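Some notes on the structure that comes next.
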Amino acid sequence: MRVGILGGTGPQGRGLTRRFAGAGHEVVIGSRAADRAQEVAAEYAAVGAVTGGTNAQAAATELVVVTVPYEGHADLLASLADELAGKIVVDCVNPLGFDKQGPYVLPVEAGSAAQEAQQLLPGSTVVAAFHHVSAVHLDDPEVDQIEGDVLVLGEDRDAVETVCQLATAIPGARGIYAGRLRLAGQVEAMTANLIAINRRYKAHAGLRVTDLP
């Protein structure tokens, strides 16, 4: 499919670009600065079909993934509500802060970044996913298998299934339904624990759900 990535020039956007394009999807990297997005897209020309443009241009695709930092999350989505209407919007954003003691969870009035996205995008189908996959591993061409599962949350079964299928673009990963959107807060918050684990053990750990076929 044709996938747009809002804020696609950051680490997570770059990593997902590599995996989606490598699996045969056409990717449009979005950024506030189109020339920056085009520069990054050129870096992945050998991987697959990747182009760069504004966030509005990335929002004009079939399915859109949101990878912007949380501080810019609400303003960006509100500005693109018309362009995103009628589409699946995959929210990967983790509302986290950092201080001398490490990562911590930021309070979100809506309950989670994904729920905030759904409030801002009433005409879109928001699905939460891709929170726990290491951006370093995603963007490393030497890593051919990424151990971990993608937890997928949403209200629409068809949209959830579409995103679960998209997760298979990450070699070794599975997309697993993890509940309705109201449970996204716990999933987003778990990222803080993973960051703490990775800092302590100098790793790029993810999550694996056991006892599933």
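In the stretch 161-190, what residues are touching a residue at least 60 places away in the same chain (Cβ under 8 Å) and closer than 24 Å to Ala21 by Cβ?
Thr162, Val163, Leu166, Thr168, Ala169, Ile170, Pro171
Got a number for residues in the stretch 153-197 being over 16 Å from Val127 (Cβ atoms), among the polar types (S, T, N, Q) and buried (at least 16 other Cβ atoms within 10 Å of the Cβ)?
Residues in the stretch 153-197 being over 16 Å from Val127 (Cβ atoms), among the polar types (S, T, N, Q) and buried (at least 16 other Cβ atoms within 10 Å of the Cβ): 1 in total.
Among all residue pairs at least 6 apart or on different chains, which show Cβ distances below 7 Å where the first residue, located in the stretch 102-117, is under 30 Å from Tyr201 (Cα atoms) and the second is of a type in the set (Asp, Glu)?
Matching pairs, first to second residue: Val108/Glu116; Ser112/Glu188; Ala113/Asp91; Ala113/Glu188; Ala114/Asp91.
Is it the case that Val105 is of a type in the set (Val, Ile, Thr) and closer than 19 Å to Ala56 by Cβ?
No; evaluated as a whole, the condition is false for this residue.
Of the residues Thr9, Thr51, only one is farther than 27 Å from Leu183 by Cα, among the β-branched types (Val, Ile, Thr), touching a Lys or Arg at 6+ places or on another chain (Cβ under 9 Å) and in contact (Cβ under 8 Å) with a residue 12 or more places away in the chain; which?
When all the criteria are applied, what remains is Thr9.
Would you confirm whether or not the stretch 138-147 contains a residue that is closer than 28 Å to Leu77 by Cα and in contact with a strand residue (DSSP E or B) (Cβ under 6 Å, 6 or more places away or on another chain)?
Checking the stretch 138-147: not a single residue is closer than 28 Å to Leu77 by Cα and in contact with a strand residue (DSSP E or B) (Cβ under 6 Å, 6 or more places away or on another chain).
Within the stretch 96-119, count every residue that is under 15 Å from Arg182 (Cα atoms) and either of a type outside the set (Val, Ile, Thr) or surrounded by fewer than 17 Cβ atoms within 10 Å (Cβ to Cβ) (or both).
Here the count works out to 12.
Tell me yes or no: at least one residue of the stretch 58-66 is surrounded by 24 or more Cβ atoms within 10 Å (Cβ to Cβ) and either touching a Cys at 6+ places or on another chain (Cβ under 8 Å) or on the phi > 0 side of the Ramachandran plot (or both).
First, pick out the residues of the stretch 58-66 that are surrounded by 24 or more Cβ atoms within 10 Å (Cβ to Cβ): 58-59, 64-66.
Now drop any that are not either touching a Cys at 6+ places or on another chain (Cβ under 8 Å) or on the phi > 0 side of the Ramachandran plot (or both), which leaves 65-66.
Looking for residues that are surrounded by 24 or more Cβ atoms within 10 Å (Cβ to Cβ) and either touching a Cys at 6+ places or on another chain (Cβ under 8 Å) or on the phi > 0 side of the Ramachandran plot (or both), one finds at least one in the stretch 58-66, hence yes.
Condition check: of a type in the set (Phe, Trp, Tyr), at pLDDT 95 or above and closer than 13 Å to Gly7 by Cβ. Does Tyr44 satisfy that?
no
Residues of the stretch 11-40 being crowded, with 24+ Cβ neighbours inside 10 Å and over 16 Å from the mean Cα position of the chain (by Cα), which ones?
Selection gives Ala37 alone.
Between Gly72, Gly86, which is surrounded by fewer than 24 Cβ atoms within 10 Å (Cβ to Cβ) and on the phi > 0 side of the Ramachandran plot?
Of the residues listed, the single one that is surrounded by fewer than 24 Cβ atoms within 10 Å (Cβ to Cβ) and on the phi > 0 side of the Ramachandran plot is Gly86.
Any idea which residue in the stretch 141-159 is nearest to the chain's Cα centre (by Cα), counting only those that are free of Cβ contacts under 8 Å to residues at least 12 places away in the same chain and over 17 Å from Tyr177 (Cα atoms)?
Restricting to residues being free of Cβ contacts under 8 Å to residues at least 12 places away in the same chain and over 17 Å from Tyr177 (Cα atoms), the top hit is Val143.
The values are calculated or read from the model by the stated rules, or taken from the named source; none is laboratory data. Model, not experiment: these values are computed from the prediction. Cβ coordinates were reconstructed from backbone atoms using ideal geometry, including for glycine residues, and neighbour counts include every protein chain displayed.
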